[in-house]
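One structure is given below, encoded as structure tokens.
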Amino acid sequence: MLEAAPARTADLANRIKAHARVLGFSACGITTPEPPPHLSHFEKWLADGMHAGMHYLASAQARARRANTLLIPPRSQSIIMLATNYYQGEPPTPQPAAPHAKVARYAWNDDYHHTLLDRMHALHAFIEAACGEPVAQRMYADTGPLLERELAQRAGLGWIGKNTMLIQPRAGSWTLLSEILLAWPLPADQPFVADRCGSCTRCIDACPTQAILPDERRIDSRRCISYLTIEERGAITAELRPALQDWVFGCDICQDVCPWNERFAQATNDAAFLARDPLPEPGLEALLLSSAAQFSETYKRSPLKRAKRSGLARNAAVALGAQRAQAAQPALVFALQHDDDAGVRAHAAWALGQLGSAASQLALQAALASEQAEVVRGEIAAALQHCAAAAHTPTV
């Protein structure tokens, strides 16, 4: 690689940013690969166990690479940070009256990882053509061992809000981040140093599970609805189940209430991120009773596949119990009796306990007589105790 003159690299940086917008990225900034200044905050988050079951975040290699991006091949000389607006505006169809699953906005269309990687490859091809020679790179779309929100802030794209989301002035936080680690020197943008959350605590106050820690800019994944509905493979903590409401994949509450989104979010016209009509928000009963084949066919290109069929069916059972949907009793009983996954059966038992009807108690007692899995038997026993306690609670 020939030594690049400052004027040439500045011109190249401007051309890269302009072409990024042509390709569909809503914002582009450039930063350096130097160590992140707030690495100690991430290490404390790990030490406090707030990564929950995401053990890959705490591996020695992942921690080393987050501390020093130069350990990620190739040895990058600059990092191109990219933001993509996925805000779709109001849902294309009104919320149905029957209990339906609620899905985070970023999953309202096909899996975004493929779209972002395709666009980054196109941007990299543009960079190589502009440089006149091959340029080594590494690309990530929300998957790399990087503190990408801190890198985005350092690249001047916005600040990290109290809900830990990157917030862009005059754009809000409905953006997906991706990055290209580039073995080519480019001038870095000025970091975004202002904190414009001020005294606002709307996101903290609105979180149903108190997962957003006040004054710390940290999320306790063990309580976060997004983690619980997507990453958690075991049982959802019983005390948190009612707070999940009807969310079965992710959660948008802290973004929905953010004043910066209320004021500045602009609906995208990018076809890759427009909401499907109808939305991928199936009836909770249908989701609970879906077979593996049905699930695979319905969500073969969707981000929802990450939670797997068993995870979404479990979440649907929790949502039906949280809403005390009496009409869903037959579906819950069927899941308790016939679902192949013990986790789904266990959460269906909990949901039947929340319904508390005589028919629910009979179904639970019958299941207890035949169920072999201890985790399910434990949930059935707890559900029967809940029913008994509710039956003896005097009405006011």
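Return yes or no: is Trp247 within 14 Å of Tyr87 (Cβ to Cβ), touching a residue at least 40 places away in the same chain (Cβ under 8 Å) and not assigned by TED's automatic domain parsing to the domain that holds Val344?
The answer is no for Trp247.
Starting from the stretch 50-68, take each residue that is on the phi > 0 side of the Ramachandran plot and list its partners that are at pLDDT 95 or above and of a type in the set (Ser, Thr, Tyr), counting only C-beta distances under 8 angstrom and pairs at least six apart or across chains.
Short answer, once both residue conditions are applied: Ala52/Ser221; Ala52/Tyr227.
Within the stretch 251-274, which residues are touching a Lys or Arg at 6+ places or on another chain (Cβ under 8 Å), in a loop (DSSP other than H, G, I, E, B) and touching a residue at least 60 places away in the same chain (Cβ under 8 Å)?
Asp252, Cys258
What are the residues in the stretch 136-171 that are in contact with an Asp or Glu (Cβ under 6 Å, 6 or more places away or on another chain), closer than 20 Å to Ser76 by Cβ and assigned to a strand (DSSP E or B), if any?
Within the stretch 136-171, just Tyr140 meets the criteria.
Show me the helices (runs of 4 or more DSSP H) found entirely inside the stretch 297-396 where at least 1 residues are touching a residue at least 12 places away in the same chain (Cβ under 8 Å), basic (Lys, Arg) and touching a helix residue (DSSP H, G or I) at 6+ places or on another chain (Cβ under 7 Å).
Working: elements: 308-322, 329-338, 342-355, 358-370, 374-391.
In the stretch 297-396, the matching helices (runs of 4 or more DSSP H) lie at 308-322, 342-355.
The values are calculated or read from the model by the stated rules, or taken from the named source; none is laboratory data. None of the values given here were measured: they were computed from a predicted structure. All Cβ positions, glycine included, derive from the backbone under ideal geometry; neighbour counts span all protein chains shown.
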